[in-house]
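Have a look at the structure below, then the notes.
The values are calculated or read from the model by the stated rules, or taken from the named source; none is laboratory data. Computed from a predicted structure; not experimentally measured. Glycine also receives a Cβ, built like all others from the backbone with ideal geometry; neighbour counts cover every protein chain displayed. Note: accessible area is taken over every heavy atom of the protein model, side chains too, but ligands, DNA and RNA are not part of it. Shrake-Rupley method; radii C 1.70, N 1.55, O 1.52, S 1.80 Å.
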Amino acid sequence: MKPGFLLGAVPVALALGFFAGRSTFSGTVPDPAAKSEPPPRTRHERVTRQDPFGGPSFSLDSLEEVSALFKKQRYNVASARLTLAVDALPSQEIPRLMEMIREDHRKNPNSPDRSRWQLFSTLSSKWAETDPDAALAFIESTPSRSFRLLAAGSIFSGLAETDPARAIAEMQSLPKGEMREQVTTSIIGAIGKTDPEAALDLLEKEPSRSGWSDYSLRSIFADWAAKDPAAAAARAASLPNELVGEYSIGGIANAWARSDPDGALKWAAGLSGEKRAAAYKEIYTSLARDNPEAAWERLRGEPGHVRGQIAGALLGVVADESPDKAVAMLMAMKTPSEKRIAAGNLIDQLDWSNPRIAFEILEKLDDPALRRERLANILYAAAWSSKDFFKEQSAKLSDRDKLLVSGYMLGELAGKDPKAAQDFFLSLPEAQRKPEDLEQILSNNPSKDTASALDFALSLANPKEQIAALSGLFTKWSADDPAAAATGLKK
């Protein structure tokens, strides 16, 4: 299970008052020239105040207004404004708003709206600080299992930040099971931000820790290593591999390299297997960001197996600013096996961000094995990022390449550009053409272009291909417009 939804504190250099009753942020600035005393405010009236972020006013009493806030402003800005509103909210208002969210979840359990959970998380954190007894009672009073788990994760996360001893005591009083696992995950995540050693102590001792893994622990180790890398590394070495693997080690290496790259490399040399590879990759990537030429020269002094694994990551940093320079450095590598490994790693980093350069590497290396391994992946990325470039490269493929990637290409083009998929299908040698691929292509044809798709299907000379094309076309057409499909069937 994953840690509860806990929104971090947002520093703001502006003094904030308190909302009265129905809390609302507004971008309206009160008139400083007004000298008359304001009339007494009732408990539920809105308070108008200057909003440091700007934007429309919103009320915490309305999930619709909170949702609209996140649609109108960037997510980080909307989250910050929500945090400020909750900070200014009188604590006695929290139970009513939490009940509002719980009732909304009962009515809309599958809502994808993240704004509701941002509000819930922020309220939970404050409630756990101001009235932990009431917050814990709210968990117990929740009948819905799914909502109860969410509430437990969020509230215990807030409690662990303000009173970790109580959070741990409450957790240990729970019976073994999913609730205890959810709570443990949240507590470890919260404590790990300020006291990573205590968080890892709890992780080792607590049997209900299924929500934690190597991937999850990376942030704890990285934060610790930024302050004391040797201590973080020593503790990592003491934990079992099921908890500490390449992700956690990579987090330590990345933080250590920023302050002491020589010390980080000395430590990495004592590791083995995937942990050593992950550490070297993070360290050399960090070095390359500061001075890629020096990092590259230093890498040349490492053992061959290290160079092959790390060169691609280092070149990826170079390619971020100068793809041509990265390609030139790759082509200058002397050992074929190292060059091939580095090229594969570099292509994996470039295929989404710069598929044109990834194709260029394949062409320049002229390595059949590498082409077989990477061509389909590059085409897949290109199909998503640039339809025109995808078509351009498709037209250059040899018959051998088409055989290699035809399934990939047809699958991608069918949903993105059915007409291009039809053309590519016809460009294949007849022995490679599969009627089921044609059925898939026509089943994705846009409704507005049904007439030309029907003409295409009827133009096919192969009876099996024609039947497959018509089957795909009419399956979709009859669902979209049955009357028009019936007319088309007569044709």
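Placing R0 at 41 angstrom, the Cβ-Cβ distance between SER478 and ALA237 gives a FRET efficiency of 0.05 after rounding to 0.05.
Near PHE58, the amide H atoms lying under 5 Å from its own belong to PHE25; only residues 5 or more places off or on other chains count, and H is placed 1.01 Å from N. Rolling a 1.4 Å probe over the heavy atoms of the protein chains gives the chain an accessible area of 50 Å² per residue. With a Förster radius of 25 Å applied to the C-beta separation of ALA169 and SER141, the computed FRET efficiency comes to 0.75.
Protein-only accessible surface at a 1.4 angstrom probe places the residues SER459, SER121 in the order SER459, SER121, largest first.
Within straight-line reach of LYS275, meaning a Cα separation under 17 Å, sit the following lysines at least 8 residues removed in sequence or on another chain: LYS266. Each Lys and Arg Cβ is given +1 and each Asp and Glu Cβ -1; about its Cα centre, region 337-472 then shows a dipole of about 100 debye. A Cβ-based charge dipole, computed about the Cα centre of the chain with Lys and Arg at +1 and Asp and Glu at -1, lands at about 520 debye. Here ARG356 and ALA294 are evaluated by their C-beta separation; at R0 = 25 Å the FRET efficiency comes out at 0.30. The lysines whose alpha-carbon is closer than 16 Å to the alpha-carbon of LYS193, local same-chain residues fewer than 8 away aside, are LYS2, LYS227.
Would you mind checking LYS325/LYS387; LYS71/LYS126; LYS281/LYS387; LYS339/LYS402 for any pair whose Cα atoms are more than 29 angstrom apart? Exceeds cut-off: LYS281/LYS387. Straight-line cross-link reach from LYS434 at under 17 Å between alpha-carbon atoms covers these aspartates and glutamates, not counting any fewer than eight positions away in the same chain: ASP399, ASP401, GLU412, ASP423, GLU465.
For the chain, adding -39500 (n - 2.57) for each run of n ≥ 4 DSSP H residues and dividing by the number of residues yields -22000 deg cm²/dmol at 222 nm. Our estimate of slack between LYS464 and ALA486, defined as 0.36 nm per intervening residue step minus the Cα-Cα distance, is 5.7 nm.
Measuring between alpha carbons in the structure, the pairs from LYS419/LYS490; LYS416/LYS476; LYS72/LYS107 lying more than 18 angstrom apart are LYS419/LYS490; LYS72/LYS107. Labels on offer are (1) 27.7; (2) 25.4; (3) 26.5, and the one holding Kirkwood radius over Cα pairs in Å computed from this structure is (1).
In region 42-198, the portion of solvent-accessible area held by carbon and sulfur atoms comes to 49 percent [1.4 Å probe, whole percent, DNA, RNA and ligands not counted]. Peptides 316-327, 434-445 ranked from most to least packed by the mean count of surrounding Cβ atoms within 10 Å: 434-445, 316-327. Given the C-alpha centroids of region 115-166 and region 429-467, what is the distance between them in whole angstrom? The distance from the Cα centre of region 115-166 to that of region 429-467 comes to 56 Å.
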